[in-house]
Each structure stands twice: as C-alpha cells, then as structure tokens.
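A short worksheet on the structure shown next.
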Amino acid sequence: MSKLTEVANMMANNPETTAADVVKKFKVTKSYAYVLMSQARKQHINRRDEALAQPKQRLESAPTPDMVNHPAHYKTGGIETIDFIEAKKLNYHLGNVVKYITRADHKGDRLENLKKAQWYLEREIAQAS
C-alpha cells in the first residue's frame, strides 16, 4: 500500500489527523507530510465528486415522460387514444368521449372525466336527432 493511500486512510479514520501525526508514523519531513495530506484530500474530493456525478448521470439518462406529445395516461392498454380515434375516424364529439373515458382512471378526477365524456356524448346525440 502506498504512503498516499495510507495517509488517506489515516485521515478518513481520523479527520483530526495532523502533519505531525504523518511525520511520526511515516518518518517523513513535515513538508512531505503536507504534500501527502494535500494529495489525499484531493483524491478524496475527486472520489466524492465522481460519486455525486454518477446519480446525476443515471437520472439524466432515464427517459422523461413527454406530457405534451405522448402522455402516459393516453397509452394505457398499449395504444395511444389519438391513434384509436383517428383509426376509427371519430368526429370531434365522439373523439372526446373516447378521450375522457380512457383517461378517467388515470388522470384527474374519475367522475369529472366521466361527466365530460357524457357531456360530449349528449351533444353528439342532440346533433344526430
């Protein structure tokens, strides 16, 4: 084990370690003790910075939900609601009925979403009559 590693361990175990302690243990000059202690601190800081950077990298690499283009609650069941509405060629009112029904259990107040779906369905029925 190198002197630097031993000094680093010594300082980690006892933060009150002084240059005199290093001189006594390793039989080195006081100026060399200061050099070893300084390098040990830098090594400790570099390790700490690397450890702090790693979680940030993991967080940055995690996909963030796209609440504008692809909200998760619109893809429940494996297909986005808009894709279903377009595939079935539903008009505005019926498309909103499907939208509010499919998101009722996944976004906001369930009863409120169902009432919105009902409102659009009633407008569609009124226009068809």
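The values are calculated or read from the model by the stated rules, or taken from the named source; none is laboratory data. Treat the numbers as computed from the prediction; the structure is a model and nothing was measured. A quick note on method: Cβ atoms are made from the backbone with ideal geometry, for glycine too, and the neighbour counts reach across all protein chains shown.
State the number of residues belonging to the stretch 83-111 that are over 19 Å from residue 67 (Cβ atoms), out of contact with any Leu (no Cβ under 9 Å at 6 or more places or on another chain) and surrounded by fewer than 17 Cβ atoms within 10 Å (Cβ to Cβ).
Qualifying residue count for the region: 8.
Return the pairs, sorted by first residue and then second, in which the second residue is of a type in the set (Ser, Thr, Tyr), the first residue lies in the stretch 1-12 and is assigned by TED's automatic domain parsing to the domain that holds residue 24, the beta carbons are less than 6 Å apart, and the residues are 6+ apart or on different chains.
10/17; 11/17
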